[in-house]
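The values are calculated or read from the model by the stated rules, or taken from the named source; none is laboratory data. Here the structure is a predicted model, which means the values were calculated and not measured. Here Cβ is always computed from backbone atoms with ideal geometry, including for glycine, and neighbour counts include all displayed protein chains.
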Amino acid sequence: MIGGTGLIGSKVVTRLGEHGHEAVAAAPNTGVNTLTGEGLPEVLDGANVVVDVSNSPSFADEQAMEFFTTATTNLLKCSAKAGVGHHVALSVVGTDRLQDSGYFRAKAAQERLIRESGRPYSIVHATQFFEFVKTIVGFSTVEGKVRLPSALIQPMAADDVAAGVGRTAAGEPVNGIREIGGPEQFGLDELIRKGLAAKGDRREVVTDDYAPYFGVRISERTLLPGSDAQLGEVTFDKWLAQQ
């Protein structure tokens, strides 16, 4: 499990273990570094599946591209040598529609490397996590006000993301994309307004359909999964009550 000590990775490791699979958490703090290749041959030795839920430490264009292309190239190379039979990677719903963003161009490059590798693979496209609300607020705040479009979003809990990734890892390669999402749709502005209110944050959320999301102008359905997406169970209200 590449990125196995992070938010999603640690949950996937736990879920796979509960279902009788041996899952090994791999990350720089466990001696595995996909950027340098350190520890990869050892951790992949004997593995049937490699799951990559790692993320770039920087959202800057060049740094994100360097991370995803270098790490994925190293991982694919070592996986092929080890004879790993299934490469699973976590990506984002709408990646192909968000190409004005350098970060999402980097995610698209990662996906392209996986598709063109000739290895059996599954790419899981997840909608945004509830846990990302704070980050959305951060990059959308201008002069003390949170400016966001009313475009639709179908966010999901990290637990449901982990469940979707775990199911995919335990199954056969789809050699394509599997989409997962939350059980409810919100306007992006509505979601953030609700999240701030639950935390007692009095910042004003201004609905501005020209405001960018992650630096990109989006349309009403840019962030939504398709009708065949597998949907999680945790609602936003339930998640908020658990925090």
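In the range 117-137, of all residues being within 12 Å of the chain's Cα centre (by Cα) and of a type outside the set (S, T, N, Q), the one that is farthest from Leu7 (Cα to Cα) corresponds to Ile123.
Look through Thr168, Thr141 and report the one residue that is among the hydroxyl-bearing types (Ser, Thr, Tyr) and closer than 20 Å to Val234 by Cβ.
Working: Thr141 fails: closer than 20 Å to Val234 by Cβ.
None of the other options fit; the residue is Thr168.
Residues in the range 149-186 that are part of a loop (DSSP other than H, G, I, E, B) and either at pLDDT below 95 or more than 23 Å from Gln110 (Cα to Cα) (or both): Pro149, Ser150, Ala151, Gln154, Ala157, Gly182, Pro183, Glu184, Gln185. If only residues of the range 1-45 that are among the hydrophobic types (A, V, I, L, M, F, W, C) and in a loop (DSSP other than H, G, I, E, B) are counted, the one that is surrounded by the most Cβ atoms within 10 Å (Cβ to Cβ) is Met1. Every condition in (1) free of Cβ contacts under 8 Å to residues at least 60 places away in the same chain; (2) in a helix (DSSP H, G or I); (3) under 30 Å from Glu116 (Cβ atoms) holds for Asp189 except the one numbered (3).
Going through the range 46-56 one residue at a time, which ones are of a type outside the set (A, V, I, L, M) and either touching a His at 6+ places or on another chain (Cβ under 8 Å) or buried (at least 21 other Cβ atoms within 10 Å of the Cβ) (or both)? It would help to see each step written out before you state the result.
Step one: filter the range 46-56 for residues of a type outside the set (A, V, I, L, M), giving 46, 48, 52, 54-56.
Those that are of a type outside the set (A, V, I, L, M) and either touching a His at 6+ places or on another chain (Cβ under 8 Å) or buried (at least 21 other Cβ atoms within 10 Å of the Cβ) (or both): Asn48, Asp52, Ser54.
Cβ separations smaller than 7 Å between residues 6+ apart or across chains give the following pairs from the range 158-183 residues that are more than 22 Å from Glu116 (Cα to Cα) to residues that are part of a helix (DSSP H, G or I) and of a type in the set (Gly, Ala, Ser): Ile180/Gly164.
How many of the residues in the range 195-210 are assigned to a helix (DSSP H, G or I), surrounded by fewer than 16 Cβ atoms within 10 Å (Cβ to Cβ) and in contact (Cβ under 8 Å) with a residue 24 or more places away in the chain?
So in the range 195-210, the residues assigned to a helix (DSSP H, G or I) come out as 195-198.
From what's left, surrounded by fewer than 16 Cβ atoms within 10 Å (Cβ to Cβ): 197-198.
Checking which are in contact (Cβ under 8 Å) with a residue 24 or more places away in the chain leaves us with 198.
Of the residues in that region, 1 qualify.
Would you check if Leu224 is in a loop (DSSP other than H, G, I, E, B), of a type in the set (A, V, I, L, M), modelled with pLDDT of 95 or more and under 26 Å from Val53 (Cβ atoms)? Spelling it out, Leu224 is indeed in a loop (DSSP other than H, G, I, E, B), of a type in the set (A, V, I, L, M), modelled with pLDDT of 95 or more and under 26 Å from Val53 (Cβ atoms). For the range 29-56, the set of residues classified as of a type outside the set (A, V, I, L, M, F, W, C) and either within 17 Å of Ala169 (Cβ to Cβ) or touching a residue at least 60 places away in the same chain (Cβ under 8 Å) (or both) consists of Gly46, Asn48, Asp52, Ser54, listed by residue number.
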